[in-house]
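Colleague: Quick one: this structure, given as structure tokens, is what I'll be asking you about.
The values are calculated or read from the model by the stated rules, or taken from the named source; none is laboratory data. Please read these numbers as outputs of a predicted model, since none were measured by experiment. Neighbour counts are summed over all protein chains in view; Cβ atoms, including those assigned to glycine, are modelled from backbone coordinates with ideal geometry. For accessibility, only protein heavy atoms count, side chains too; no ligands or nucleic acids. Shrake-Rupley method; radii C 1.70, N 1.55, O 1.52, S 1.80 Å.
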Amino acid sequence: MFDFLEGYDVLGAFWTTVQLTLLAAVGSLVWGTLLAAMRVGPVPLMRGFGTVYVNIVRNIPLTVIILFTSLGLNNTLGISLGSSVIDTINFRLAVLGLVAYTSAFVCEALRSGINTVPVGQAEAARAIGLSFSQVLRLVVLPQAFRSSVGPLTNVLIALTKNTTVAAAIGVAEAATLMKTMVENEAQLIPISAVFALGFVILTLPTGLILGWVGKKVAVKR
Amino acid sequence: MTEVSVAKEDAVPEAGELVVLKSVNKHFGALHVLQDIDLTIARGEVVVVIGPSGSGKSTLCRTINRLETVDSGTIAIDGRPLPQEGKELARLRADVGMVFQSFNLFAHKTVLENVMLGQIKVRKADRKQAEEKARALLDRVGVATQADKYPAQLSGGQQQRVAIARALAMDPKVMLFDEPTSALDPEMINEVLEVMQQLARDGMTMIVVTHEMGFARSAANRVVFMADGRIVEEAAPDQFFSNPRSDRAKDFLSKILHH
Ligand SMILES: Nc1ncnc2c1ncn2[C@@H]1O[C@H](COP(=O)(O)OP(=O)(O)OP(=O)(O)O)[C@@H](O)[C@H]1O
Ligand SMILES: [Mg+2]
């Protein structure tokens, strides 16, 4: 019944998907947090940068961003991200593109979380002598993260599915393999079902676990 | 309550000016909220600021620890003018304790952690010392048994006393209170006022925005009456309440005394 799977490394392809997801998730969490910090910070130049970045990046199709990393950064500017193996270069470019794109959404999810923290708490924190970055790190962001677990979960699930766009620059993840298999096997429905199931297996627990975490860490007011 | 080596135990105010405001002006857009404010507060002095809503009392407090900038004039704490934004300012702010109407405790931290945070991150105390001091302060304001709870689990009066302990943990030179009892149910007002009264007796320099006449009469050295962004009248509490000089003050007192 599952003959069509023979000779294909489906698990390997999904492992690449998982790697893309995890690396891009960590990267966009870091960069998205920095962007959010810039957007709420006191320095006009940084605020402007954060605003422009988010509004430009989240309105560009991800495919365009991923293609740009390959055609623009790699082919034109010769950026190879510390590797000479073409597959590795493409993988890293894909992570970079995913981080650049997803961080805009992380930033906005966090900013909505920041808005749930009463201003008075930030003022009280400044009043005991904490610096701006301490106020952010010790008082505002910990509460913002807790109240944006929900929106961040959605971003993570979207990211998992968005990794399929890396197929556009030849990264051997799940969607790339699916395309190859569909072309070779003429068994469209079962093949699609297997890959759809694969993604559900990845994203469903993410949603459930993080939903539970979100309730657990919620700040009582 | 146990003795804590915070503030001045000997309660003898040292001579000298601690907070000095000189011709301070502040606008919010077209609104001139602080108009040529000159105010000097001596070490150990307790000053009550009183006045109608919108007269600039909160703004005055907030400029003293630079939560609001001023447009002109100078503010000095213990002889040092308030610096611009930055590390220097943060340090100076730690010397000025502030208690807000809405408590503003850090909601994600326990009561104990609320009182430890500034000691560790600003004063660089080690955890053990910070915890000891925090527990002693919580005991002093009468909420020692609540140390491991979160702010949302406490009554308003308890939260406000924790907020006072949090400010005291920085060993401030002066404490600002902006209507500390206005958000409280009547039965909780006294527990907070008693803590403040004790602080005053211990010699803490205090600037208190409040309409609690009883507190003003028993704890304040001076009442400052503000209206429309100006200091209209300054006097000893008894004199101010029984015999105000300005018409604005007479008018204001007649309103708050007869309801
Ligand atoms: N951030 C702000 N932006 C614009 N206007 C403000 C701001 N903060 C205060 N104001 C205005 O400045 C004036 C003085 O406000 P302030 O809060 O200092 O008054 P207050 O004496 O403390 O009044 P209350 O007794 O109601 O607390 C008011 O008219 C107020 O509306
Ligand atoms: Mg006010």
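Colleague: The conditions are (1) more than 16 Å from ligand 1 (Cβ to nearest atom); (2) in contact with an Asp or Glu (Cβ under 7 Å, 6 or more places away or on another chain); (3) part of a loop (DSSP other than H, G, I, E, B), and B:T181 fails exactly one of them. Which is it?
Modeller: (1)
Colleague: Restricting the search to the stretch B:53-85, which residues are outside any loop (DSSP other than H, G, I, E, B) and more than 16 Å from ligand 2 (Cβ to nearest atom)?
Modeller: The initial filter retains those residues of the stretch B:53-85 that are outside any loop (DSSP other than H, G, I, E, B), namely B:57-64, B:72-77, B:80-81.
Of everything in the stretch B:53-85, those that are outside any loop (DSSP other than H, G, I, E, B) and more than 16 Å from ligand 2 (Cβ to nearest atom) turn out to be B:S72, B:G73, B:T74, B:I75, B:A76, B:I77, B:R80, B:P81.
Colleague: Pairs only if they're at least six apart or on different chains, beta carbon under 6 angstrom, first in the stretch B:166-180 and in contact (Cβ under 8 Å) with a residue 24 or more places away in the chain, second of a type in the set (D, E) and surrounded by fewer than 24 Cβ atoms within 10 Å (Cβ to Cβ); list them, first residue then second.
Modeller: If the second residue must be of a type in the set (D, E) and surrounded by fewer than 24 Cβ atoms within 10 Å (Cβ to Cβ), the pairs left are B:P172/B:D95; B:K173/B:D78; B:K173/B:D95.
Colleague: Anything in the stretch B:217-256 that is assigned to a helix (DSSP H, G or I) and among the acidic types (D, E)? List them, or say none.
Modeller: B:D238, B:D247, B:D251
Colleague: Another question, then. Would you point out which residue out of A:L22, A:L67, A:L81 is without any contact (Cβ under 8 Å) to a residue 40 or more places away in the chain and part of a helix (DSSP H, G or I)?
Modeller: A:L22
Colleague: Working only within the stretch B:184-194, note down all residues that are surrounded by fewer than 22 Cβ atoms within 10 Å (Cβ to Cβ) and assigned to a helix (DSSP H, G or I).
Modeller: Within the stretch B:184-194, B:P186, B:E187, B:M188, B:I189, B:N190, B:E191, B:L193, B:E194 qualify.
Colleague: Do we find a residue being under 15 Å from the mean Cα position of the chain (by Cα) and farther than 15 Å from A:E173 by Cβ anywhere in the stretch A:69-90?
Modeller: Checked against the condition, which is being under 15 Å from the mean Cα position of the chain (by Cα) and farther than 15 Å from A:E173 by Cβ, the stretch A:69-90 yields no hits at all.
Colleague: Does the stretch B:76-108 hold any residues that are within 16 Å of ligand 1 (Cβ to nearest atom) and either facing another protein chain (nearest Cβ under 7 Å) or open to solvent by less than 10 Å² (accessible area, probe 1.4 Å) (or both), and which are they? Don't jump to the end; show me each part of the working.
Modeller: Step one: list which residues in the stretch B:76-108 are within 16 Å of ligand 1 (Cβ to nearest atom), which gives B:98-104.
Residues satisfying the conditions are B:M98, B:V99, B:F100, B:S102, B:N104.
Colleague: Checking the structure you have, find out if any residue of the stretch B:150-166 is surrounded by fewer than 21 Cβ atoms within 10 Å (Cβ to Cβ) and polar (S, T, N, Q).
Modeller: Yes; the residues of the stretch B:150-166 include at least one that is surrounded by fewer than 21 Cβ atoms within 10 Å (Cβ to Cβ) and polar (S, T, N, Q).
Colleague: Moving on. Evaluate the stretch B:134-143: report whether one residue or more is without any contact (Cβ under 8 Å) to a residue 24 or more places away in the chain and either more than 21 Å from A:K220 (Cα to Cα) or crowded, with 24+ Cβ neighbours inside 10 Å (or both).
Modeller: Taking the stretch B:134-143 first, the residues without any contact (Cβ under 8 Å) to a residue 24 or more places away in the chain are B:135.
Cutting the leftovers down to either more than 21 Å from A:K220 (Cα to Cα) or crowded, with 24+ Cβ neighbours inside 10 Å (or both) gives us B:135.
Yes, the conditions are met somewhere in the stretch B:134-143.
Colleague: Considering only residues that are more than 17 Å from B:S102 (Cα to Cα) and of a type in the set (D, E, K, R), which ones fall in the stretch A:91-141?
Modeller: A:R92, A:E108, A:R111, A:R137
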